[in-house]
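Everything below concerns the one structure shown next.
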């Protein structure tokens, strides 16, 4: 059994709307993933106990438009792959270095699980799910 590669990952939810965070937790648990925490604002990031493989990051949080800064922090500190989960992808100024795309709100169970599977598989070009929109390259 030791040689079996698990597709389960450690996922961090960065979302300030309680019901949305709960919905994401249910989807991830049903998909066999471990939720390492829910972060509703920048201040809560300090209480992170476990290193996430993937972070689902909303942009507008309890303390304002801090999602992009949190994404950069998670990317730089932990190398976590970032999936933005937002209704406003135009608010992503410079994506985090490890960001792989956007799942638009309102999202589906399938969109979230497909994006997580893609992230945990190492983001193969041939397997990008349709629900995971590529990040727009910002022009200077």
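Derivation of every value follows stated rules applied to the coordinates shown; laboratory data play no part. On a predicted model such as this, the values are computed, not experimentally measured, just so you know. Here the Cβ positions follow ideal geometry from the backbone for every residue, glycine too, while neighbour counts run over all protein chains shown.
Odds and ends about this structure:
- Theoretical gain in end-to-end length, residue 26 to residue 8 [0.36 nm per residue, Cα-Cα removed]: 5.1 nm
- Prolate is the label for region 1-106. Its Cα gyration tensor axes, ordered a ≥ b ≥ c, give a/c of at least 1.5 and a/b above b/c.
- Helix-derived mean residue ellipticity, 222 nm - over the chain, DSSP H n ≥ 4, -39500 (n - 2.57), to 500: -8500 deg cm²/dmol
- Footprinting exposure proxy for 26, 41, 125 (fewest neighbouring C-beta atoms within 10 Å first): 125, 26, 41
- For the chain, share of DSSP beta bridges that run antiparallel, in % to the nearest 5: 10 percent
- Counting neighbouring beta carbons within 10 Å and listing from fewest to most, the residues 51, 82 come out as 51, 82.
- Over region 10-124, Cα pairs under 8 Å with separation of 6+ residues give a relative contact order of 22 percent.
- Relative exposure of 136, 81, 109, judged by other C-beta atoms within 10 Å (fewest first): 136, 109, 81
- Full extension of the segment from residue 34 to residue 51, taken as 0.36 nm per residue of separation minus the current Cα-Cα distance, would add 5.0 nm.
- Simple spin-label estimate for residue 69 and residue 104 gives 2.9 nm between the two label positions (7 Å along the Cα-to-Cβ direction from each Cα).
- Once the chain from residue 136 to residue 18 is taken as fully extended at 0.36 nm per residue, the excess over their C-alpha distance is 39.6 nm.
- Label-point separation in nm, residue 91 to residue 128, each point 7 Å along Cα→Cβ: 2.4 nm
- Computed over the chain with a Gaussian network model linking Cα atoms closer than 10 Å, the most mobile of 46, 76, 31 is 46.
- Overall form of region 68-111 per C-alpha gyration tensor (a/c, 1.5; a/b vs b/c): oblate
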